[in-house]
Amino acid sequence: MSLLLVRGAVEQGLIYSLVALGLYLSFRTLNIADMTVDGSYTLGAAVSAALTAAGHPFWALFCAVLAGAGAGLVSAFLQTKLKIQSILAGIVTMTALYSVNLRVMGGRANLTLLRLDTVFSLLKSVLPRAVQPWARLLIAAGAAVIVGLLLVFFLRTRLGLSIRATGDNPRMVSASSINPQYTITVGLCLGNAMPALSGALIAQYQQFCDITMGTGMVVIGLASLIIGEVLTGAMRWPSVRRGVFAALLGGAVYWLIIAGAISSSVSANDLKLLSALIVAAAISWPVLVSRVKFALRKKANRRC
């Protein structure tokens with residue numbers, strides 16, 4: 001792979017790692033299978049594209065985060081108040097967001113941002129000329145690191161600890177006079193705000209937004225998160241710091257794998273299949289390793 005291809009893959013991976021951070025909060029921390037991410041990611045991209053086209057690229061990111069949090073709020077309402085199962089609530093919200101996203105995009109299936117000012121072009125113009133070729137990488141890394149640090153800090157606060165406790169044992173949380181419905185709502189709002197921010201950045205990064213760009217985003221986020229967890233499994237960091245770092249690292253590694261596959265002439269039509277295979281391989285990796293170790297020990301015992 002060329003250096004340009006590697007740099008582009010790392011840039012996209014760092015932006016997509018925000019999706020993995022959102023899934024870390026919902027899947028790992030709250031233990032909720034939230035399928036809303038596919039819709040909230042596209043919602044963030046749609047809001048970002050619409051406001052960037054109107055000349056407000058920085059406000060577009062802020063509004064995209066609020067829109068993603070609103071999507072999480074709807075999903076949490078369906079789960080906590082209407083007692084709909086988490087997967088079904090996410091699917092219902094995701095389905096509804098398809099129409100919402102079309103409305104945000106003015107009824108069009110795609111929007112182009114070519115020749116328009118974006119966060120990346122505006123920040124690039126104020127950087128020293130020597131680092132301007134690396135502007136996109138610096139912006140993507142800065143966004144990922146800042147969001148990751150904020151998430152680590154939040155999960156150490158009293159509310160964050162309550163959210164973590166809700167994922168571990170909701171009954172104990174209720175017995176401790178903590179409202180699990182409130183903690184679930186906050187967690188899902190934040191868990192969808194981060195993918196929405198990712199979609200907003202990707203829309204400005206690619207200068208393009210499409211109504212179907214969020215399809216399979218849960219699989220991509222899970223692949224990134226699981227790859228990162230496999231790579232950081234031996235680290236003795238506290239669980240939150242290790243989980244956040246795993247999401248950031250996994251996002252970059254996942255897109256490096258995808259870039260390697262594309263450079264090896266893998267068809268674009270097979271990328272979703274490749275993503276599913278990566279997820280399956282990452283999930284089954286610890287089991288495969290344990291079975292290989294067991295087989296080696298068994299073989300060694302026979303020799304003795």
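The values are calculated or read from the model by the stated rules, or taken from the named source; none is laboratory data. Here the structure is a predicted model, which means the values were calculated and not measured. Cβ coordinates were reconstructed from backbone atoms using ideal geometry, including for glycine residues, and neighbour counts include every protein chain displayed. Please note that ligands, DNA and RNA were not included when accessible areas were found on the heavy atoms of the full protein model with its side chains. Shrake-Rupley method; radii C 1.70, N 1.55, O 1.52, S 1.80 Å.
Side notes on the structure shown:
- Cα shape, segment 149-211, gyration tensor, a/c 1.5 rule: prolate
- Excluding ligands, DNA and RNA, the accessible surface per residue across the chain is 51 Å² with a 1.4 Å probe.
- Selected from M172, M217, M105 as most flexible by GNM, with the chain as the system and alpha-carbon contacts under 10 Å: M172
- Overall, the chain carries a charge dipole of about 1260 debye about its Cα centre when +1 sits on the Cβ of Lys and Arg and -1 on the Cβ of Asp and Glu, all other atoms neutral.
- Averaging the sequence gap over all C-alpha pairs within less than 8 Å and six or more residues apart, then dividing by the number of residues, gives the chain a relative contact order of 35 percent.
- Oblate is the label for segment 232-304, because the ratio a/c of its alpha-carbon gyration tensor axes (a ≥ b ≥ c) is 1.5 or higher and a/b is not greater than b/c.
- Heavy-atom accessible area for T185, with the other protein chains in place and a 1.4 Å probe, reaches approximately 30 Å².
- Measuring nothing but how far apart in sequence close Cα pairs (under 8 Å, 6+ apart) lie, relative to its length, segment 167-304 scores a relative contact order of 22 percent.
- Principal axis box of segment 49-176, alpha-carbon based, largest edge first, Å: 58, 38, 18
- For the pair segment 234-294 / segment 60-135, the C-alpha centres are spaced 25 Å from each other.
- Among S75, S177, S263, residue whose mean-square fluctuation peaks in a GNM of the chain (springs only between Cα atoms under 10 Å): S177
- Among A261, A223, A45, the residue with the largest mean-square fluctuation in a Gaussian network model of the chain, with springs joining Cα atoms closer than 10 Å, is A261.
- The overall shape of segment 1-100, judged from the alpha-carbon gyration tensor, is oblate: a/c is not under 1.5, and a/b is no greater than b/c.
- Taking the protein heavy atoms of segment 184-304 in the context of the full set of protein chains, the accessible area attributed to carbon and sulfur is 66 percent at 1.4 Å.
- For the chain, the fraction of C-alpha pairs farther apart than 26 angstrom is 47 percent.
- Sorting W134, W59, W285 by accessible area puts them as W59, W285, W134; the probe is 1.4 Å, largest comes first, and only protein heavy atoms count.
- Heavy-atom accessible area, probed at 1.4 angstrom with all protein chains present, ranks D117, D34, D168, D210 as D168, D117, D210, D34, highest first.
- Per-residue SASA entry for C63, accessible area with 1.4 Å probe, Å² rounded to 10: 40
- The calculated FRET efficiency for V266 paired with R129, based on their beta-carbon distance and R0 = 35 Å, is about 0.45.
- Heavy-atom accessible surface of K124, to the nearest 10 Å², is about 90 Å², with a 1.4 Å probe and all protein chains retained.
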